[in-house]
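Quick notes on the structure that follows.
Values in this text are rule-based calculations from the coordinates and carry no lab data. This one's a predicted model, so the numbers in the text were calculated from it and none came from an experiment. Glycine also receives a Cβ, built like all others from the backbone with ideal geometry; neighbour counts cover every protein chain displayed.
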Amino acid sequence: MRILRRPHSLPPFFLLLALGAFAQDTIKVGEVASLTGKEASFGQSSHKGTLLAIEHLNTAGGVLGKKFDLVTEDNQSKAGESATAARKLLSRDKVVALLGEVASSRSLEIAPVAQAAKIPMISPASTNSTVTETGSYIFRVCFIDPFQGTVMAKFALKRGWKKVATLISVSSAYSVGLGKYFKETYTTGGGALAAERTYVESDKDFKAQLTAIKAAGVDAIFVPGYYNECALISKQARELGLTVPLFGGDGWESTALLEIGGTAVEGVFFSTHYSSEDAAPAVQAFVQAFKTRWNGETPDAMAALGYDSALVLADAMKRAGTADAVKLRDALAATKDFPGVTGKTSIDAQRNATKAAAIFTVKNGKFAFVESIAP
Amino acid sequence: MTEFLQQLVNGLALGAIYALIALGYTMVYGILRFINFAHSEVFMVGALIAWKLGQYLPHSTLWGGLVALVAAMTGCAVLGVTIERLVYRPLRGTATLNVLITAIGVSLLLQSVLQHPAVFGATPQPFPELFPVINFTLGGLTASSSQLVVIVVAALLIVVLQLVAFRTRMGRAMRAIALNPAAAQLVGVNINVVISFTFALGSALAGAGGVLYALNYPSVEPLMGVMPGLKAFVAAVLGGIGSIPGAALGGLILGTVETLAGGSAALSTYKDAIAFAVLIIILLCRPAGLLGRPVAEKV
Amino acid sequence: MLTVTNLSVAYGAINALDGVSFVVPAGGIVTLIGGNGAGKTTSLRAISGLLRSRGGTITFEGQDITRLPPHEIVARGLSHVPEGRMVFANLTVAENLSMGAWLVRDRAVIAQRQVHVLKLFPRLAERLRQTAGTLSGGEQQMLAVGRALMGGPKFLMLDEPSLGLAPRLVGELFEKITTINRTEGVTVLLVEQNARLALAVSSYAHVLECGRIVMSGPSTELASDPRLKAAYLGG
Ligand SMILES: Nc1ncnc2c1ncn2[C@@H]1O[C@H](COP(=O)(O)OP(=O)(O)O)[C@@H](O)[C@H]1O
Ligand SMILES: [Mg+2]
């Protein structure tokens, strides 16, 4: 018996060794996304983009001779879940970097966790300026609210809208941020804010606010919200006989907007990060690859930003020559003119990306590119 | 002035939905003296049934809309009766607190079951336009057909309910039980049948409320019942819980106050808080609610 | 007519009735007397189905009614006028009476019974449109009995009908009870704390103490029993 015991105990030991070797051969990257819940459409898009990028990187051999392993946690679009998800990824999976979230409110939950652990975090699409102010390890690959608010103010002035109303979600950092910078640029540019109304996240009825806005007699309404409520707002505005254009930020961009809003969202305008109709070869290659990978689905801005967030991370890792957090952080901060699918990305001193914005409208039930506005 | 009238129209449409849900709270309370917290989830299920049927029914037709409405009401009636039969009846006669907590449990259970991806999932889904959509304008006032449908259907159902309560044998039985359950049983009223009937009726109204709510705010998900349910509960208490006209009045007041607050620049952020403040003020002045009778605790 | 065998009822851990047995023969007035908290109300509530018994059986006209719901027991002709009267306070006197005929479908029968009840209690006739909650205690008690009679019972259980009534009214009420028993052949089970009165109108009596029958016998005998005199008849 005694003699027999030794050989028997060997296989599990080898298995452990093999597992350990396997673990060392991949670089674990964490992702927090709203795969279900209210903003699932955003989370799904960015996740599909991120996963595609990881697959592309792995097919190309990975970086530093290792392949990437993407570990994704769903926060169900709920407040309070993202920090827990991030902690889980850091302590359980020991990820070298965190990707996510789309919504600024939820990125603001993850950022302090990443900063405290000194692990780099890249938000693909959170545009609220405070996200990266959390600390030196927090980055993003999209432009920020001041820019988006400013762009939409310039757009409104350019269209000759002299009197505009705003309808802002006070429970959303994103909405408040866009509203603030829109107001600054629009009023200094000579526009008049005729009515300012607010709502909160759980609201479904906006007729009260819209009736007041209608009474103020405006040329257009700035609604920097997310697609669900924007679709309802558009519908209710049309029902009240408000025919002026509604416009907002990238929160509008989701096919769910078209499904819920129907004909009521025809003629709305919003700013976003990229256009799938961009003729640039890099963009078209990405669009084709995405369609092949995800059942013919056309990638939206969230998908493209999700894709770029993983590529920017891999690029920095390559330049740093290591996945070590401090060096990785420095390399990320030094990103300059990285050719992503959402345009040339440079990281500025505040760890934000500077890049051009695209304006879209809804025409015949589809998103249509209007113009591009440079920083 | 036009703006004010328009806000009243908006408030009426919103309040009509609160009223429909509030009726269910009030009827069950009247008879069993407990708040059926699962009622808001019955409301949600009503909307989801119509959503599901919307995948098969033609859109923008009167009959398609009515089929969905009746089906949702029937489905909710069955759900309400089932919840009472399986959960509340075995607990009848135990402490009210037990039943209340169980009701909250049923509520959470329904939410989580429906949030399961195999059932509905947590993602909001667009609700189809089941009824024809027309906008009516009258001297600067506009009302959409879905707002009018809400007001008309709610008014109709409230009248029907009042007729049921005061003109039918079942209605007399309901009122008798509300007044004194033991005495009602001693004259031969079958309390189980009446309670089942009450749940069926209240749940059917909640189902109708769910469909009408979704028509006006066409995005549905398993948590959609929480806020309207809470508001309707407030409306029921405001009007005097146990009173049918009270529930209707409470709903209309709440809808109007909320809409007027929502339309003002200074108050729109606080419209929910204002709605609750109105409740507190009314209860301070009339503890039994606007149309409620002060109930002496039964011996 | 009614046979209660070994009836036990508990409220949670407290035993209110502990093996109570008694018989009420058809046609008579039997009384159940006992002090406050003895278990009189509990007995009646268990018989009429409002309370679930823990053990024992109740038979009515030879049939087991132990587990029947209240509405089925009423339908068999066993009517219970509860303690505290329990009239429908917000309904009118007329509505209360018609509620009493809940299980009667024939309108002619209902009308006939109402005439009859109003003849028995003329005071109610004057107050038909008045809400029951505004009646005096005596009137409410008459209404409660009248409501029970509307169902056309064979057997009437009355729980402390004299409670809170002026002595003159008590006498009047007990006269009516005797009339109901004599002229209509309704068997009566009368629960009373007022033992003297109960023994005077009844033919047979049971004494309940702490959930047990401690004494039984013809009312005339019990009325002169020294132990009973000491405990219930004020010496
Ligand atoms: N609902 C109840 N819960 C708990 N105990 C009760 C309840 N009703 C009566 N009891 C108890 O049961 C016993 C018998 O009560 P009851 O039948 O009302 O007496 P009686 O009618 O003879 O005055 C008493 O001890 C009383 O305290
Ligand atoms: Mg008693």
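Structure values in brief
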quantity	calculated
The range C:20-131: relative contact order as a whole-number percent, Cα under 8 Å and 6+ apart	18 percent
Top of B:THR102, B:THR269, B:THR82 by mean-square fluctuation, Gaussian network on chain B, Cα under 10 Å	B:THR269
Whole-angstrom gap from the range C:165-224 to the range C:95-146, using each part's C-alpha centre	24 Å
Positive dipole terminus of the range B:15-225, leading residue within B:LEU130, B:ILE151, B:LEU57 (C-beta point charges)	B:ILE151
Cα-based Rg of chain A normalised by 2.2 N^0.38 Å, two decimals	1.08
Estimated distance in nm for a label pair at C:LYS154 and A:ALA374, the labels positioned 7 Å out from Cα along Cα-to-Cβ	10.4 nm
Net charge of Cβ neighbours under 14 Å - reference A:ALA125; Lys, Arg +1; Asp, Glu -1	-4
In Å, descending, principal axis extents of the Cα set of chain C	47, 39, 33
C:LYS229/C:THR59 FRET efficiency (R0 25 Å; Cβ-Cβ; nearest 0.05)	0.15
The range B:192-299: mean projected area of Cα convex hull, nm²	8.8 nm²
Computed over the range B:148-253: relative contact order in percent, which uses C-alpha pairs under 8 Å that are six or more apart	16 percent
Selected from A:LEU98, A:LEU178, A:LEU35 as most flexible by GNM, with chain A as the system and alpha-carbon contacts under 10 Å	A:LEU35
For A:GLY37, distant residues with modelled amide H under 5 Å away	B:ALA122, B:THR123
Theoretical gain in end-to-end length, B:LEU86 to B:SER264 [0.36 nm per residue, Cα-Cα removed]	59.4 nm
Whole-number percent relative contact order across the range B:15-225, with pairs defined as alpha carbons under 8 Å at least 6 apart	43 percent
Charge dipole of chain C about the Cα centre (unit charges at C-beta), most positive-ward option of C:SER203, C:VAL170, C:MET1	C:VAL170
Two-site label geometry, A:ASP337 and A:THR298: point separation in nm, points 7 Å out along Cα→Cβ	3.1 nm
Sites excluded, GluC sites (Glu not before Pro) in DSSP loops with at most 16 other C-beta within 10 Å, longest stretch of chain C	C:127-235
Members of A:LYS94/A:LYS318; A:LYS48/A:LYS183; A:LYS235/A:LYS291 lying beyond 25 Å, as alpha-carbon distances in this model show	A:LYS48/A:LYS183; A:LYS235/A:LYS291
Candidates per trypsin sites (Lys or Arg not before Pro) in the range C:1-69, loop by DSSP, up to 16 other Cβ within 10 Å	C:ARG52, C:ARG54, C:ARG67
Angle in degrees between helix B:96-115 and the longest Cα principal axis of chain B, rounded to the nearest 10	40 degrees
Cut-off under 5 Å, modelled amide H: who pairs with A:THR127 long-range	A:SER104
Low-density loop cleavage sites - trypsin sites (Lys or Arg not before Pro) in the range A:56-154, where at most 12 other Cβ are within 10 Å (DSSP)	A:ARG92, A:LYS94, A:LYS118
Residue mean of other protein chain beta carbons inside 10 Å, B:263-269	6
Nearest 10 degrees, 0 to 90: helix B:145-167 Cα axis against chain B principal axis	20 degrees
Stretchable slack from C:THR92 to C:HIS116, in nm (0.36 nm times residue separation minus alpha-carbon distance)	6.8 nm
Inter-site label distance for C:GLU72 and C:THR220 at 7 Å from Cα along Cβ, in nm	4.2 nm
Electrostatic dipole magnitude of the range C:86-152 [Cβ: Lys, Arg +1; Asp, Glu -1; Cα centre; debye, to 20]	120 debye
Dipole in debye (nearest 20) - chain A, about Cα centre, beta carbon charges: Lys, Arg +1; Asp, Glu -1	720 debye
Rg and Dmax of the range A:235-352, Cα atoms only, in Å	18.4, 60
10 Å Cβ neighbours from other chains, averaged over peptide B:120-130	5
Amide N of the range B:178-213 lying under 17 Å from the label point, which is placed 7 angstrom from the Cα of B:MET227 along Cα→Cβ	B:210-213
Within-13-Å neighbourhood charge of A:THR185 [Cβ basis; K, R +1; D, E -1]	+2
Radius of gyration and maximum dimension Dmax of the range A:286-375, Cα, Å	15.6, 50
Other protein chain Cβ atoms within 10 Å, averaged over every residue that makes up C:63-75	3
Per-selection metrics, the range B:15-225 (Cα): Rg and Dmax in Å	17.9, 59
Sequence-distant residues sharing a close amide H with A:LYS28 (under 5 Å, placed H)	A:ASP69, A:VAL96
Square roots of 5 times each gyration tensor eigenvalue, C-alpha, the range A:146-272, largest first, Å	20, 16, 14
Rounded Å value of the spacing that divides the Cα centres of the range B:156-224 and the range B:57-130	15 Å
Pairwise centroid distance, computed over Cα atoms, of the range A:301-367 with the range A:84-150, Å	13 Å
Chain B: angle of helix B:169-179 to the longest principal axis, Cα-based, in degrees nearest 10	70 degrees
Net +/- balance of residues flanking A:GLY241 in space, Cβ distance below 14 Å, scoring K and R +1, D and E -1	+2
Rg(Cα)/(2.2 N^0.38 Å) for the protein assembly as shown, N = residue count	1.27
Of the chymotrypsin sites (Phe, Trp or Tyr not before Pro) in the range C:116-223, those whose Cβ has at most 12 other Cβ within 10 Å and which sit in DSSP loop	none
